[in-house]
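One structure, as structure tokens, below. Some questions next.
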Amino acid sequence: MPEGTTLERTAALARELAAAVREVPEVSDVEVYAGTSAPFNFNGLVRHYFLRSGPLVADLQVKPPPKHDRSRDSHTIAKEVRRLLAPHAERAGANVKITEVPPGPPVLSTMVAEIYGPDLEKRVALARQVRRNLRDHAGSGRHRLVRPEAGW
């Protein structure tokens with residue numbers, strides 16, 4: 001929501017959006033979270049939604065029935081939801097994103113490496129070393145563990 005919006009206004013719009021989403025035949029449940037993020041899920045992990053909070057944010061979790069109990073795929077349903085919610089969001093000046101749960105493990109890539117340490121220069125150097133190692137051995141199945149220098 002725009003800066004300065006109260007939690008009450010954010011929650012009211014979230015309920016309005018939930019009512020609009022319930023018009024979609026495949027929607028079986030809608031949960032509204034205003035002022036806080038929805039419970040942690042794959043989407044939250046990938047897009048860091050679980051870090052959001054405050055009076056300007058709301059999450060709606062929309063649950064369609066299982067694939068075998070509906071005729072349309074989730075992407076087609078998501079496109080309809082975008083179309084339905086756009087006028088509500090525009091009127092309120094809200095930024096609404098419709099996201100689908102990504103397939104597979106909850107990561108942006110097949111492999112994720114996180115580099116931690118107290119010194120920025122050493123973290124950057126180690127990250128470059130890890131990147132070189134992965135690039136040099138891509139597809140070979142031969143990856144060696146890179147350990148930071150002593151003194152960390």
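Expected output is a single nm value to one decimal: the length gained when fully extending between F40 and R15, i.e. 0.36 nm times separation in residues minus the C-alpha distance. What is it? Please list the in-between numbers first.
Numbers: separation 25, 0.36 × 25 = 9.00 nm, distance 2.05 nm.
Answer, rounded to one decimal: 7.0 nm.
Based on the Cβ-Cβ distance from D29 to E3, what FRET efficiency comes out when R0 is 25 Å, to the nearest 0.05? It would help to have the intermediate numbers written out before the result.
Details: r = 31 Å, r/R0 = 1.25.
So the FRET efficiency works out to roughly 0.20.
Rank-order 66-78, 14-26, 88-100 by packing density, defined as the average count of other C-beta atoms within 10 Å over each peptide's residues, highest first. Each step should come with its number before you reach the end.
Numbers: 66-78: 11.9, 14-26: 16.5, 88-100: 13.7.
Per-residue mean Cβ counts within 10 Å order the peptides as 14-26, 88-100, 66-78.
Can you figure out the FRET efficiency of T76 with R135, using R₀ = 30 Å and their beta-carbon distance, to the nearest 0.05? Display every interim value, and only then the final one.
Working: r = 38 Å, r/R0 = 1.27.
With a Förster radius of 30 Å, E is 0.20.
Using θ = phi - 60° and the Karplus form 6.51 cos²θ - 1.76 cosθ + 1.60, what ³J(HN,Hα) does each residue of the range 113-118 get, whole Hz, x for Gly and Pro?
10, 10, 10, 10, x, x
Considering only DSSP states other than H, G, I, E and B, which chymotrypsin sites (Phe, Trp or Tyr not before Pro) in the range 31-98 qualify as loop sites with at most 13 other Cβ atoms within 10 Å? Spell out each step's value before the answer.
Values: sites: Y33, F40, F42, Y49, F50; in loops: F40.
Of the chymotrypsin sites (Phe, Trp or Tyr not before Pro), the ones in loops of the range 31-98 whose Cβ has at most 13 other Cβ atoms within 10 Å are F40.
Any read-out appearing in this document is the output of simple, stated calculations on the displayed coordinates, not a laboratory observation. All of these numbers come straight from a predicted model, not from anything done at the bench. Positions of Cβ are backbone-derived with ideal geometry, glycine not excepted, and every protein chain shown enters the neighbour counts.
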